[in-house]
Each structure stands twice: as C-alpha cells, then as structure tokens.
Amino acid sequence: MKQLLISTLLAVTASAWAQAPAPVDVKDAWVRATVAQQKSTGAYMQLTAETDARVVEVRSPIAGVVKIHEMAMDKDVMRMRELNTGLALPAGKLVELKPGGHHVMMMDLKGQVKAGDVVPLTFVLEGKDGQRSTLEVKATARPLGAGAGAAPPAAAAENHNQHKH
Ligand SMILES: [Cu+2]
C-alpha cells in the first residue's frame with residue numbers, strides 16, 4: 001500500500017515537472033532513529049529507475065544539509081565521503097542505499113528522529129536529456145540498532161563523530 005502511494009506521488013510530481021519523467025521505484029525507505037542531541041543520521045532504501053537517471057540533490061525538511069555519501073577506504077580506514085557526481089540510477093538496475101554502503105546523509109538535524117517517525121525526503125532526479133524531476137520519498141524511522149546487528153564494522157563508522165569530509 002505504501003509503495004503504491006509513493007508511486008502515485010511520483011507520477012503526479014513528475015508529470016508536473018517534465019514531459020518525459022523518469023519514474024523511479026522506491027522500496028523499503030528508512031531512516032535510522034537518533035538520540036537527543038545527535039546531529040546526523042542516515043537514510044536507506046532501494047531505488048530502481050525505469051530509464052537512466054541520476055540523483056543530483058536530496059532535501060529534507062528535518063535536516064539542514066543532505067548529501068549522498070559513499071564509503072571508501074582511506075589508509076586502511078573506511079570513511080564516508082560525498083558522492084560529488086550524484087548517484088547514478090542505471091535503467092532497470094536496483095541501486096541499494098544501505099548501512100556500510102552508499103547512503104543519504106542527513107546533517108544539521110533540526111530535532112531528534114524517533115522510531116516510527118515518517119521522514120519526508122525529496123530527491124531531485126536528472127534524466128539523460130538533462131530534464132529534472134522530483135521524487136518524494138517517505139522514510140520511516142527505525143530504532144537506533146536497526147541494521148546494525150549483522151552489519152559490518154563500517155556501519156559503526158556512520159556515527160558522525162568519526163565523520164571526515
Ligand atoms: Cu555519511
């Protein structure tokens with residue numbers, strides 16, 4: 001039901017923006033809940049674009065700054081860094097944003113994100129023809145430990161305290 005709603009929102013939004021929208025299927029969107037005073041968190045989901053597209057910007061009303069990060073080795077230490085070129089969504093290919101991998105980094109949080117909260121995210125997509133459209137995603141906040149149980153040590157590095165840009 002939720003997926004259906006998101007698809008509908010996308011269709012409406014995209015048609016208002018461009019003649020030839022780039023529909024993207026979004027599955028399992030979630031955000032890691034935070035503790036009080038925590039200033040950043042990550043958002044994760046599975047994206048599949050119908051035609052080649054690229055995520056060039058992400059916005060959310062709950063965060064001052066939103067970036068797409070990748071994990072990369074730096075002198076044997078796994079660190080996060082911004083994906084300057086945006087996130088490529090090749091046609092028909094599932095692109096997974098997950099702990100320890102590419103993720104949406106939400107910084108300058110305006111308040112605590114509690115488990116169960118629904119966090120709105122706006123993805124700005126650019127098609128091969130340069131046409132831009134937006135994709136509205138609703139991500140549900142999961143408890144702090146979510147995804148960490150069986151996660152590689154890299155996931156722990158997503159704590160913003162070790163965050164180096
Ligand atoms: Cu990050």
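The values are calculated or read from the model by the stated rules, or taken from the named source; none is laboratory data. From a predicted model like this one, the values you see are computed outputs, not experimental measurements. A quick note on method: Cβ atoms are made from the backbone with ideal geometry, for glycine too, and the neighbour counts reach across all protein chains shown.
Worth pointing out:
- Checked against the criterion of being within 14 Å of the ligand (Cβ to nearest atom), surrounded by 14 or more Cβ atoms within 10 Å (Cβ to Cβ), at pLDDT below 95 and more than 15 Å from the chain's Cα centre (by Cα), the range 71-94 has at least one qualifying residue.
- Candidate set from the range 34-61 (those that are within 16 Å of the ligand (Cβ to nearest atom), part of a loop (DSSP other than H, G, I, E, B) and in contact with a strand residue (DSSP E or B) (Cβ under 6 Å, 6 or more places away or on another chain)); member that is farthest from M105 (Cα to Cα): T34
- The set of residues in the range 58-69 being surrounded by fewer than 17 Cβ atoms within 10 Å (Cβ to Cβ) and either without any contact (Cβ under 8 Å) to a residue 40 or more places away in the chain or closer than 23 Å to L47 by Cα (or both) consists of R59, P61, V65.
- Qualifying position, being modelled with pLDDT under 90 and basic (K, R), among K98, K110, K164, K114: K164
- Considering the range 95-122, and only residues there that are among the basic types (K, R) and exposed (fewer than 15 other Cβ atoms within 10 Å of the Cβ), the residue that is nearest to the ligand (Cβ to nearest atom) turns out to be K110.
- A Cβ distance below 6 Å, combined with a sequence gap of six or more or placement on separate chains, defines the contacts here; from the range 92-119, residues that are over 13 Å from V55 (Cβ atoms) reach residues that are at pLDDT below 95 and away from the ligand (no atom under 13 Å from the Cβ) in the pairs P99/G147; P99/A151; G100/A151; G100/P152; Q112/A36; A115/P143.
- Residue count, the range 62-112 (criterion: out of contact with any Pro (no Cβ under 9 Å at 6 or more places or on another chain) and either part of a loop (DSSP other than H, G, I, E, B) or within 19 Å of A146 (Cβ to Cβ) (or both)): 25
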